[in-house]
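Written below as structure tokens is the structure these notes are about.
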Amino acid sequence: MNKEIMLSLLHKVIKVDRGGPESRTGFLLAAEDDYFALLTEADGVTYYRTQHVKSITIDAKEGLKFELEIPENFEYITGVDFSSILNSLRYSWIKVNRGGPEMLEGVLDEVGTDYVIIIANEEVIRLSMFHIRSLSYGAKVEKVKESEKEGDSSAKKKEDRSESSSKGNE
């Protein structure tokens, strides 16, 4: 997927790949030459390397299901390329390759031109940069529970009723 295609889908809900361990549905936050950032319900912000993405799907008629409300002040890491994202995440807990046998998580220790070093328990793992398909680091939006939504609306109704009754007494 090239940057031009991804920019045309910016701020839309898309599905990455048709299935398998890397497939996710989410809100497209950013698109650059070699990666894009997707906000997903389960994983938070996930960065996909465009060279590994096989397909992008949108539902032109009804839209894909996505139930997160993104706050206006939501912040996530951005960069001009995937390497700059990795450098910003040094010493952070990350998850690489979201699913399948190549999934790993740990602290990103070093970023080289061809590899990264991740510390996981007592292991020092050198992972080829080419084989990183996706990465997430925990920036998430908390889902608003139905009871909280109802609580907010019932509190609002009570407030409205008390305002109207106090106006009636004046």
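List of remarks:
- The condition of being of a type outside the set (Val, Ile, Thr), open to solvent by 20 Å² or more (accessible area, probe 1.4 Å) and either under 20 Å from MET1 (Cβ atoms) or not in a loop (DSSP other than H, G, I, E, B) (or both) holds for only one of PHE66, PHE74, that being PHE66.
- Condition met for ARG49 (within 29 Å of ASN121 (Cα to Cα) and open to solvent by less than 30 Å² (accessible area, probe 1.4 Å)): yes
Residue-wise test of (1) buried (at least 16 other Cβ atoms within 10 Å of the Cβ); (2) outside any loop (DSSP other than H, G, I, E, B); (3) among the small types (Gly, Ala, Ser); (4) in contact with a helix residue (DSSP H, G or I) (Cβ under 7 Å, 6 or more places away or on another chain).
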| position | (1), (2), (3), (4) |
| --- | --- |
| GLY79 | yes, no, yes, yes |
| SER84 | no, yes, yes, no |
| GLU110 | no, yes, no, no |
| ILE119 | no, yes, no, no |
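- Hits in region 12-46 - residues which are within 18 Å of SER83 (Cβ to Cβ) and either surrounded by fewer than 18 Cβ atoms within 10 Å (Cβ to Cβ) or in contact with a Leu (Cβ under 7 Å, 6 or more places away or on another chain) (or both): ALA31, ASP33, ASP34, PHE36, ALA37, VAL45, THR46
- Screening LEU9 against (1) under 13 Å from the mean Cα position of the chain (by Cα); (2) aliphatic (A, V, I, L, M); (3) open to solvent by less than 40 Å² (accessible area, probe 1.4 Å) leaves a single unmet condition, (1).
- At least 1 residues being aliphatic (A, V, I, L, M), in contact with a strand residue (DSSP E or B) (Cβ under 8 Å, 6 or more places away or on another chain) and over 19 Å from ALA60 (Cβ atoms) is the threshold, and among the strands (runs of 3 or more DSSP E) wholly inside region 1-48 those reaching it are 24-31, 35-40.
The values are calculated or read from the model by the stated rules, or taken from the named source; none is laboratory data. Source: prediction; values computed, not measured. Backbone-built Cβ (ideal geometry, glycine too); neighbour counts: all protein chains shown. In case anyone asks, the SASA skips ligands and DNA or RNA and just uses the protein heavy atoms, side chains included. Shrake-Rupley method; radii C 1.70, N 1.55, O 1.52, S 1.80 Å.
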